[in-house]
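Inspection log for the structure reproduced underneath, given as structure tokens.
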Amino acid sequence: MPPGQGRVNRGPAAAADNRRAILTAARRLFAERGFHVPLSVVAKEARIGQGVMYRHFPTRFDLAFAVFEDHFEDLETAASATGPDAFHRLWAMLVEFTVDDAAFVEMVVDARRNAPDYDGDRRLRALVDRALATSHAAATVDPALTSDTVLLAWRMCFGVVVTAPEPDADVVHARVREARALLPADFR
């Protein structure tokens with residue numbers, strides 16, 4: 001290869017671009033293949049070396065937390081909304097994330113087991129509590145509905161997603177709609 005025509009190592013100048021490429025690749029691959037997709041596949045998709053991957057994200061959890069922090073920000077926005085349908089907006093978003101990106105839930109489950117410092121469960125419960133309080137005050141959901149019940153229903157939806165006989169998104173969405181129809185009216 002003639003001089004000057006090979007790949008140029010941009011060093012620290014490429015750090016932001018590399019991080020963005022890793023997050024983009026991880027977001028897509030986690031959604032398609034789940035949280036346990038090999039990190040070597042993420043690095044290849046991002047067109048970076050594994051050393052670069054581990055420099056930015058030393059562990060799978062570090063990468064997953066960065067990817068899924070966007071979900072928590074979206075859920076935070078929904079839970080903070082005012083108005084009588086705060087809970088319904090949060091619930092719809094939570095179910096959508098679960099169906100479209102089951103890796104989000106896989107990460108939360110693995111973090112609960114392997115990262116005792118992870119506060120995702122507490123954060124999610126606080127979001128549900130906030131949205132429920134708003135909707136309870138507006139009398140748009142059953143006053144007996146608790147965050148425990150909501151989180152149980154959410155885990156049930158996740159169970160439908162991960163046990164679906166076909167990974168086809170339309171089929172999974174249909175199965176989750178069927179499951180939600182079995183739940184009390186506040187979840188439909």
Can you tell me which residue in the stretch 55-105 is nearest to Arg155 (Cα to Cα), limited to those that are of a type in the set (Val, Ile, Thr) and open to solvent by 50 Å² or more (accessible area, probe 1.4 Å)?
Thr77
Note on Leu151: of the conditions (1) outside any loop (DSSP other than H, G, I, E, B); (2) farther than 29 Å from Thr24 by Cβ; (3) open to solvent by 60 Å² or more (accessible area, probe 1.4 Å), unmet is (3)
Do you know which of the residues in the stretch 165-188 that are among the aliphatic types (A, V, I, L, M) and more than 21 Å from the chain's Cα centre (by Cα) is surrounded by the fewest Cβ atoms within 10 Å (Cβ to Cβ)?
Ala185
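The values are calculated or read from the model by the stated rules, or taken from the named source; none is laboratory data. Note that the structure is predicted; figures quoted are calculated from it, not measured. Because the Cβ atoms are built from the backbone with ideal geometry, glycine has one as well, and the counts that use them run over all protein chains shown. Heads up: the accessible areas ignore ligands, DNA and RNA and are worked out on the full protein's heavy atoms, side chains in. Shrake-Rupley method; radii C 1.70, N 1.55, O 1.52, S 1.80 Å.
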